[in-house]
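Novice: A single structure is presented below for examination.
The values are calculated or read from the model by the stated rules, or taken from the named source; none is laboratory data. Remember, predicted model here, so these are calculated numbers, not experimental data. Using ideal geometry, Cβ is built from the backbone for each residue, glycine included, and neighbour counts are taken over all protein chains shown.
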Ligand SMILES: Nc1ncnc2c1ncn2[C@@H]1O[C@H](COP(=O)(O)OP(=O)(O)OP(=O)(O)O)[C@@H](O)[C@H]1O
Ligand SMILES: [Mg+2]
């Protein structure tokens, strides 16, 4: 396989962007399996960066390394020049929010309550304040609700604020995940397959939403199998194949790279034999198949999971103020990925036995 160093085709910095996230030499091993091999990636302010690659390429594992769910075997991850802590809720607090490949909402809470949970890292009111319910608590709660409603307006879900999350159509559940992530007021948003299972109209709307998020000053790193979505959206795209970064560059560079075509076809790259068609070849359009596969896999994963598995925040109470240090420190992702022996980042010893909320992965 071609090595990263010899194949990176574009500089990691846009002209006016300053580096926000800098992952350097990230390696993630699970026993004998190396899922991420020496991957470096920078996301600059104002950028939308895509991360693509065939199933099992290590994209989600890389996200997990960025967000404190996994402690990389080697390498470092900094945000605004500071090393990110190996705890998901601290990463969120630092300004990096994410959504999950397998939707993780509080199914039996309302849409508004789900967004309020996402605000807990930005509220100061603690347990005592919540218990005595003084003026500070009420002010903070009112502000949280106001902001949560703004975010529901922004994501087009305001009319469904009082609906139970589990009753939302699939596409809206994905939007709600984004609204919840935005509730932590991030500077960088990581989206893991935000359009999986969506119809073309919903996908198009999500594209607009991501542009709008970027326009609000939030940089975005997005994993997707839908190549049209990725190439329309992204300033820069990195391609992972078997854990390695194969190519990085503009959409045009990546979709014209013959190695990307070969990787998606599962073929070893042979310069003479590989087709050089840009935009119309398999590299430009592997999305429908890949997305379907992904949706099917997600369904299988969900079916394999025990009912009642807690969502990542692990909080049963709706109000953000009542969610003191929720279970983001737990590692929900290994369960979602159905791996028997995950290597989680330091599970939170204070994590409770779970909530009554049933994770509604699809
Ligand atoms: N916790 C874990 N324990 C063991 N192996 C794991 C774990 N998490 C991921 N892997 C393995 O790492 C590899 C990369 O998986 P990952 O889920 O990151 O791929 P992906 O690129 O996100 O794929 P997809 O497009 O299907 O979502 C796979 O071989 C997977 O089985
Ligand atoms: Mg994945």
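Novice: Does residue 20 satisfy the condition of being more than 16 Å from ligand 1 (Cβ to nearest atom) and at pLDDT 95 or above?
Specialist: Details: more than 16 Å from ligand 1 (Cβ to nearest atom): yes; at pLDDT 95 or above: yes.
Taking the combined requirement at face value, the residue satisfies it.
Novice: Out of the residues in the range 179-197 that are assigned to a loop (DSSP other than H, G, I, E, B) and within 16 Å of ligand 1 (Cβ to nearest atom), state the one that is farthest from the chain's Cα centre (by Cα). It would help to see each step written out before you state the result.
Specialist: Taking the range 179-197 as the starting set, the residues that turn out to be assigned to a loop (DSSP other than H, G, I, E, B) are 183-187, 193-197.
With the extra rule that they be within 16 Å of ligand 1 (Cβ to nearest atom), the set shrinks to 193-197.
Numbers: 193: 7, 194: 8, 195: 12, 196: 12, 197: 16 Å.
Within the range 179-197, the match that is farthest from the chain's Cα centre (by Cα) is 197.
Novice: Is there a residue being surrounded by 21 or more Cβ atoms within 10 Å (Cβ to Cβ), touching a residue at least 60 places away in the same chain (Cβ under 8 Å) and farther than 29 Å from residue 172 by Cβ anywhere in the range 92-112?
Specialist: Within the range 92-112, none of the residues are surrounded by 21 or more Cβ atoms within 10 Å (Cβ to Cβ), touching a residue at least 60 places away in the same chain (Cβ under 8 Å) and farther than 29 Å from residue 172 by Cβ.
Novice: Which pairs turn up if I take residues in the range 32-57 that are farther than 18 Å from residue 249 by Cβ and in a strand (DSSP E or B) and look for partners that are within 12 Å of ligand 2 (Cβ to nearest atom) and modelled with pLDDT of 95 or more with beta carbon separation below 7 Å, at least 6 apart in sequence or on another chain?
Specialist: Taking only residues 6 or more apart or on different chains, the pairs are 35/58; 35/61; 36/58; 36/61; 36/62.
Novice: For the range 75-86, which positions are at pLDDT 95 or above and within 16 Å of ligand 1 (Cβ to nearest atom)?
Specialist: Selection gives 75, 77.
Novice: So for the range 87-99 (the condition being within 16 Å of ligand 1 (Cβ to nearest atom) and farther than 16 Å from residue 190 by Cβ), does at least one residue qualify?
Specialist: no
Novice: Same structure, new question: Can you pull out every residue in the range 198-253 that is touching a strand residue (DSSP E or B) at 6+ places or on another chain (Cβ under 8 Å), assigned to a loop (DSSP other than H, G, I, E, B) and free of Cβ contacts under 8 Å to residues at least 60 places away in the same chain?
Specialist: Selection gives 218 alone.
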